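> What follows is a single structure, and I will ask about it in a moment.
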Amino acid sequence: MRAPIIFKPFGLKHSQLFGSGVKLFRYLTTTTVPQDYDLVVIGGGSGGLACAKEAAGYGAKVAVLDFVTPSPHGTVWGLGGTCVNVGCIPKKLMHQAALLGKDLKDASAFGWNVKAKEVQLNWDQLVMAVTNHVGSLNWGHRITLRDKQVTYLNASGTLLDRHTILARDKKDTETVVRAQTVVLATGGRPRYPSVPGAELAITSDDLFRLRRPPGRTLCVGGSYVSLECAGFLTGLGFDTTVLLRSIPLRGFDQQMAGLVVSGMEKLGTRVLRGSEPLRLERADGGGVRVVLTPGGGHQTPPEVYDTVLLAVGRDPDTARLGLDRVGVEIHQKTGKIITRDDRTSVDNIYAIGDTVQNAPELTPVAIQAGRLLASRLFGGAQLHMDYSGVPTTVFTPFEYSCVGLSEEQARSQLDEIEVYHAFYRPLEYAVPNRDCSSCYIKAVCERAAPQKVLGLHFIGPNAGEVMQGFSVAMRSGLTVESLRQSVGIHPTCAEEVVKLNITKRSGLDPTVTGC
Ligand code: FAD
Ligand code: NDP
């Protein structure tokens with residue numbers, strides 16, 4: 001624990017301070033005066049809240065600033081950041097609603113008296129249920145901050161100097177806070193491509209609170225957000241198309257990505273390949289006409305959609321931070337903050353989460369980075385965030401979870417690898433005779449014994465639940481030998497991982513038959 005700091009809150013409004021002239025400004029910007037806070041975190045999302053709470057647990061005096069700029073369509077939300085409000089949580093709930101719909105339709109095969117045609121969604125009710133749950137999480141965060149005596153300012157933060165932050169709330173009331181240490185955790189926001197008419201489209205910031213059912217929807221983009229949203233929209237009964245300009249899920253194992261997309265197509269999602277939007281226009285009757293670039297040498301005729309969802313990537317939310325003024329270095333191309341061990345180019349300013357260059361944009365990554373940083377700053381700990389070997393799950397209808405190297409990455413890094421694989425049928429798919437052609441597992445391994453597992457890939461029900469434990473095993477040096485020595489849990493999909501025994505090299509049929 002560092003030597004305690006003597007606190008002396010200014011308790012003055014920014015306008016009062018700056019109204020008093022340059023002398024007072026100098027007083028404010030000098031680093032020798034006592035600080036208001038040990039730590040000010042700008043951004044109350046996954047990373048910022050975790051960091052603030054952890055620091056407060058060590059006895060630090062902490063403030064969190066969180067402010068949501070409305071989306072271009074005017075959508076706003078509460079405390080907790082992207083994950084809670086417009087990311088993981090509402091997405092997973094809508095994914096679950098879609099899975100339930102499919103289960104309901106299949107239920108008659110198990111003897112339930114359900115008429116598949118009568119299974120229909122009430123969009124308003126779904127949005128209300130999701131919004132209510134998100135509201136409870138917003139509230140929970142506020143309560144925890146209060147319990148931990150973290151000051152919460154619902155205000156946008158801008159750095160005036162390396163220790164001084166201007167907090168501006170929605171009524172434009174300005175307050176100045178000062179901090180020994182500043183953590184930037186402002187996350188990112190969806191990117192709007194510079195295409196005429198882009199403003200007619202929505203993004204994931206709007207989808208989960210859409211006041212009307214989305215109807216016929218075009219999801220632009222081929223990665224996590226577009227595929228996940230297209231997956232649940234299809235499952236909820238909406239006519240959904242994905243616009244895939246190049247490969248799906250760039251950076252992921254492409255065999256797995258291909259299976260994810262073909263699985264979606266079999267469940268009814270249409271995929272248009274090789275084009276991107278050229279322009280969007282308002283159509284007669286209120287829809288959006290989308291004109292595409294020619295793809296694969298042919299021109300797809302413009303089509304009208306009720307909703308166009310842009311999911312073409314996210315940009316760091318750093319514009320309001322005043323990084324230039326204090327000299328925090330950012331990446332020229334991405335605009336993300338460059339850090340070394342979470343420290344920016346200014347030595348009392350740190351950055352965590354989605355806003356950081358080269359950090360995977362995932363909630364548990366932001367949380368872990370925030371916690372570890374706080375424990376180093378205030379708890380005397382040494383441990384740094386390890387950004388490698390991070391597991392992740394794509395919550396498409398056939399969920400895909402993985403950790404470690406893709407087959408392509410392993411082949412480019414090693415002379416010899418061994419790939420074990422299996423196509424399997426989840427037991428729960430058998431009775432309703434569901435298509436299981438995307439249910440596939442792949443272990444990418446070193447060739448030499450004991451065949452260390454370098455990458456593990458799983459497509460199937462509850463993929464994230466299956467893979468969490470295996471990702472822990474990977475950290476401890478999981479090998480094919482140790483998989484073989486493990487006893488399966490029957491009847492599960494996860495047991496197919498410990499049963500893997502067919503190599504790709506053998507050319508044998510990897511379809512699992514029997515128990
Ligand atoms: P955020 O959670 O984005 O929080 C940043 C906060 O800072 C926001 O509240 C923002 O309004 C605020 N802010 C910005 N600028 C300022 C400022 N100047 N002053 C004050 N406040 C400011 N990850 C997963 O692990 N699993 C998933 O299933 C998953 N699903 C996702 C689904 C979608 C649709 C999206 C978009 C993302 C998903 N993610 C998922 C990613 C995950 O949401 C992010 O990685 C995570 O929220 C990043 O946390 P963060 O703390 O860096 O930023
Ligand atoms: P990504 O940056 O991952 O992908 C952007 C996609 O949009 C790519 O497929 C890209 O294609 C495509 N694209 C870009 N520009 C255009 C264009 N003009 N026309 C058509 N397509 C275009 O962004 P996402 O928004 O999907 O996700 C952002 C991050 O959020 C992810 O990286 C992930 O870390 C996180 N996330 C995590 C989730 C989870 O954990 N389950 C769920 C959702 C998000 P190309 O490859 O050709 O460039």
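> Averaged over all directions, how much area does the convex hull of the C-alpha atoms of the chain cover when projected, in nm²?
Quarter of the Cα hull surface area: 28.0 nm².
> Could you work out how far apart the two model spin labels at Asp169 and Thr511 are, taking each label as a point 7 Å from the Cα in the direction of the beta carbon, and quote it in nm?
Going from the Asp169 label point to the Thr511 one covers 6.5 nm.
> What is the angle, in °, between the Cα long axis of helix 46-57 and the longest principal axis of the Cα atoms in the chain? Nearest 10 is fine, range 0 to 90.
Between the helix axis and the principal axis of the chain, the angle is about 50 degrees.
> Counting pairs of alpha carbon atoms under 8 Å apart in space and at least six apart in sequence, what relative contact order in percent does the chain give?
15 percent
> Something else now. Which one, Met94, Leu373, Pro426, projects farthest toward the positive side of the charge dipole computed for the chain from Cβ point charges (K/R +1, D/E -1)?
Ranked along the dipole, the leading option is Leu373.
> How big is the convex hull of the Cα atoms of segment 198-312, per residue, in Å³?
100 Å³
> Let me ask something else. Give me Met256, Met128 sorted ascending by neighbouring Cβ count inside 10 Å, so fewest comes first.
Ranking Met256, Met128 by Cβ neighbours within 10 Å, fewest first, gives Met128, Met256.
> I'd like to know how segment 268-354 sits against the 2.2 N^0.38 Å rule of thumb: what's its Cα Rg over that expected value?
1.69
> Right, something else. Report the trypsin sites (Lys or Arg not before Pro) located in segment 73-174 that are in a DSSP loop and have at most 16 other Cβ atoms inside 10 Å of their Cβ, or state none.
Lys115, Lys148, Lys170, Lys171
> Also, quick follow-up: In nm, give the distance between the simple-model label positions of Lys266 and Ala430, each being 7 Å from the Cα along the Cα-to-Cβ direction.
Calculated label separation equals 1.8 nm.
> If you filter segment 395-487 for GluC sites (Glu not before Pro), then keep DSSP loop positions with at most 11 other Cβ within 10 Å, what is left?
Passing sites in segment 395-487 are Glu416.
> Moving on to the next point. Among Ser223, Val291, Val40, which residue has its Cα positioned farthest towards the positive end of the charge dipole of the chain, with +1 placed on the Cβ of Lys and Arg, -1 on the Cβ of Asp and Glu, and the dipole taken about the Cα centre?
It is Val40.
> Next question, about the same structure. In the chain, what % of DSSP beta bridges are antiparallel (nearest 5)?
Bridges in the chain that DSSP calls antiparallel: roughly 60 percent.
> What number, in percent, do you get for the relative contact order of segment 198-312 if the mean sequence gap of Cα pairs under 8 Å and at least 6 apart is divided by its residue count?
Dividing the mean separation by the residue count of segment 198-312 yields 35 percent.
> Another question, if that's okay. Can you put Phe458, Phe395, Phe423 in order, fewest other beta carbons within 10 Å first?
Phe423, Phe395, Phe458
> I'd like to compare 448-455, 43-50, 486-493: which one has the highest average count of other Cβ atoms within 10 Å, and what's the full order after that?
With the highest mean Cβ count within 10 Å placed first, the list reads 43-50, 448-455, 486-493.
> Now a separate question. Working from the alpha-carbon coordinates of segment 398-498, get Rg over Rh, Rh being the Kirkwood radius.
0.98
> Report, in whole Å, the centroid distance computed from the Cα atoms of segment 469-515 and segment 93-140.
So the two Cα centres are separated by 33 Å.
> Post the alpha-carbon centroid distance, segment 206-228 to segment 360-375, in whole angstrom.
Centre-to-centre distance over Cα atoms comes out at 28 Å.
Where a number appears in this text, it was derived from the coordinates with a stated rule and is not lab data. Remember, it's a predicted structure, so these values are computed and weren't measured experimentally. Glycine gets a Cβ as well: all are built from the backbone with ideal geometry, and neighbour counts include every protein chain shown.
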